[in-house]
1. So how far, in whole Å, is the C-alpha centre of region 75-91 from the one of region 1-51?
2. Between residue 46 and residue 13, what is the label-to-label distance in nm when each label sits 7 Å out along the Cα-to-Cβ direction?
3. Considering only 67, 87, 97, give the residue with the highest GNM mean-square fluctuation for the chain, with springs between Cα atoms whenever their separation is below 10 Å.
4. All other residues with a Cβ under 14 Å from the Cβ of residue 48 taken together, and with Lys, Arg as +1 and Asp, Glu as -1, what is their net charge?
5. Where does the charge balance sit around residue 75 when Lys and Arg score +1, Asp and Glu -1, over other residues with C-beta under 12 Å from its C-beta?
6. Mind checking the full-extension length gain between residue 95 and residue 108? Use 0.36 nm per residue of separation minus the Cα-Cα distance, one decimal, nm.
7. Mind checking Rg over Rh on region 56-116, alpha carbons, Kirkwood formula for Rh?
8. Percentage of Cα-Cα pair distances in the chain greater than 21 Å, rounded to whole percent?
Amino acid sequence: VQLQASGGGLVQAGGSLRLSCAASGSTFSFNSMAWYRRAPGKERELVAGISRSGNTKYVDSVKGRFTISRDNAKVYLQMNSLKPEDTAVYYCNGHSTVVGVGIDYWGQGTLVTVSS
């Protein structure tokens, strides 16, 4: 299974971007999908996650600005009111459980740059 992320780019503060991520190579559905990011000089952090049933969670810094959604093995991140501190490489993640073992799949990352 491979995850392909797209949609990153350069945007001014206050602008919007929509990230997309699609899985290829398999028809199974992930238990959960998520977006992580790694900003320069910082550790990777979970930005938003969504379960198969549609339950969502967000890191406090993006609540009210970002929205995660999914369609089977595709996951999206709508980012509004972007701030310079949102600048990072964003990675999509798909998590599955096979015979009780958790497996994580990662996309290649897409760069989001927010200028002030």
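We did not get these values from a lab; they are worked out from the coordinates using the rules stated. All values reported here derive from a predicted model rather than from experimental measurement. Cβ placement follows ideal geometry from the backbone for every residue including glycine, while neighbour counts extend to all protein chains displayed.
1. 9 Å
2. 3.0 nm
3. Per the Cα network of the chain with a 10 Å cutoff, 97 tops the list.
4. So the environment of residue 48 carries a net charge of +4.
5. Once positives and negatives cancel, what remains is +3.
6. Additional length available on full extension: 3.1 nm.
7. Using Cα coordinates only, the ratio equals 1.03.
8. Here the long-distance tail beyond 21 Å is 32 percent of all Cα pairs in the chain.
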